[in-house]
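Here is the structure we will look at, set down as structure tokens.
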Amino acid sequence: MNPTVTDATRTAPDPVAGKPVVIRIHRQDGPHTASRVEEFSVPHRPNLNIIACLQWIAAHPVTTEGKQTTPPVWDSGCLEEVCGACTMLINGKVRQSCSALVDKLDQPITLEPMTKFPIVRDLYVDRSRLFNDLKKVKAWVPIDGTYDLGSGPPISQELQEERYPLSRCISCGCCLEACPQYTPSNHFVGAAVISQARLFNDHPTGKALKNERLEALMQEGGIADCGKSGNCVEVCPKQIPLLESIATVQRQATLYTITRFFSK
Ligand code: SF4
Ligand code: SF4
Ligand code: FES
């Protein structure tokens, strides 16, 4: 322990701390139970983000009415907007809770789970559909093997620059939450998956699976289901050019259909 830090200085209020932060959390104990809203008051400190508030509430699960409750449940991993796990609706807007700074939000702050994925508990949803859809379109470069494949083919600077923004996808689900065509009852794969198909279709080795990806995207729930509203681009935290990806994959699918017709 630092000997110069006394008990008094450790417990003294932060001179730049503001008023307590009021947070309303939509709670739901399980997938089939009724939901409720609980309000909490969190001590303010500079640079406080929503995850830090949730951590504080989890350690002090008492509502503003003084009622003892259970610690809220949410998903998170990296705490630096890389893993995409902490996505939720913050004041009605879908975004990552680890990068949402309290001082930039109107209060009281409302936290809700995403609506397009099955709820597990409280703010924690099951994003398996997204990962299963990535599997459906084989969103990978097929290099697994037990022998040395040698170095890969060179990729031009131009292609690297085109692919890099697409590779920044963190599978957060924001684009799916905002998409009017993506609903819990249909099979639309959504913008993230289409964009990942483009990323791997454009890779010199990944293109070995290009036709299989396009076949998958021409099935029910594929690219034809996109209504081109553009909501996905508006909410993507990584500014991925999703409409450009959708247009590119649509062109690839059309070309593939024509080629397949004439090669019969
Ligand atoms: S353009 Fe519109 S319909 Fe298509 S994926 Fe994006 S949000 Fe959904
Ligand atoms: S495309 Fe953007 S919004 Fe959609 S999952 Fe990837 S990072 Fe998230
Ligand atoms: S915890 Fe990983 S993106 Fe927020």
Percent carbon-and-sulfur accessible area, region 90-172, ignoring ligands, DNA and RNA, probe 1.4 Å | 51 percent
Dipole axis of the chain (+1 Lys, Arg; -1 Asp, Glu on Cβ), positive-most option in ILE223, GLY77, VAL94 = ILE223
What helix-only [θ] at 222 nm does the chain give? Using -39500 (n - 2.57) per DSSP H run of at least 4, over all residues, to the nearest 500, the answer is -9500 deg cm²/dmol
So what are the ³J(HN,Hα) numbers for region 238-251, from phi and the Karplus equation (6.51, -1.76, 1.60; θ = phi - 60°), rounded to whole Hz, Gly and Pro as x?
-> 9, 6, 6, x, 5, 5, 5, 5, 4, 5, 5, 5, 5, 4
Going by accessible area, probe 1.4 Å, with all protein chains left in place, what is the ranking of HIS203, HIS26, largest first?
-> HIS26, HIS203
Note, ³J(HN,Hα) from phi for region 25-30, Karplus 6.51, -1.76, 1.60, rounded to Hz, x at Gly and Pro = 10, 6, 9, 8, 6, x
Spin-label point model (7 Å from Cα, Cβ direction): what's the LYS228 to PHE262 distance in nm?
-> 2.4 nm
So which chymotrypsin sites (Phe, Trp or Tyr not before Pro) in region 67-157 pass both tests, a DSSP loop state and at most 12 other Cβ atoms within 10 Å of the Cβ?
-> TYR147
Partnerless cysteines, meaning none of the other Cys C-beta atoms lie under 4.7 Å away, in the chain = CYS53, CYS86, CYS98, CYS169, CYS172, CYS174, CYS179, CYS226, CYS236
The answer for the longest stretch of the chain without any exposed GluC sites (Glu not before Pro) (DSSP loop, at most 15 further Cβ atoms within 10 Å) is 81-219
For LYS210, the lysines lying under 22 Å Cα to Cα, once residues fewer than eight places off in the same chain are dropped, come out as LYS135, LYS136, LYS138, LYS264
Accessible surface, per residue, of the chain when the full set of protein chains is kept, probe 1.4 Å, Å² = 55 Å²
For LYS104 and LYS67, calculate 0.36 nm times their separation in residues minus their Cα-Cα distance, and state this gained length in nm to one decimal.
-> 10.5 nm
For ARG168, the accessible surface traced by a 1.4 Å probe with all protein chains present amounts, in square angstrom to the nearest 10, to 90 Å²
LEU101, LEU176, ranked by accessible area, largest first (probe 1.4 Å) = LEU101, LEU176
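The values are calculated or read from the model by the stated rules, or taken from the named source; none is laboratory data. A quick note: this is a predicted structure, and the numbers were derived from the prediction, not measured. Here Cβ is always computed from backbone atoms with ideal geometry, including for glycine, and neighbour counts include all displayed protein chains. The area values use the complete protein model at the heavy-atom level, side chains included, leaving out ligands, DNA and RNA. Shrake-Rupley method; radii C 1.70, N 1.55, O 1.52, S 1.80 Å.
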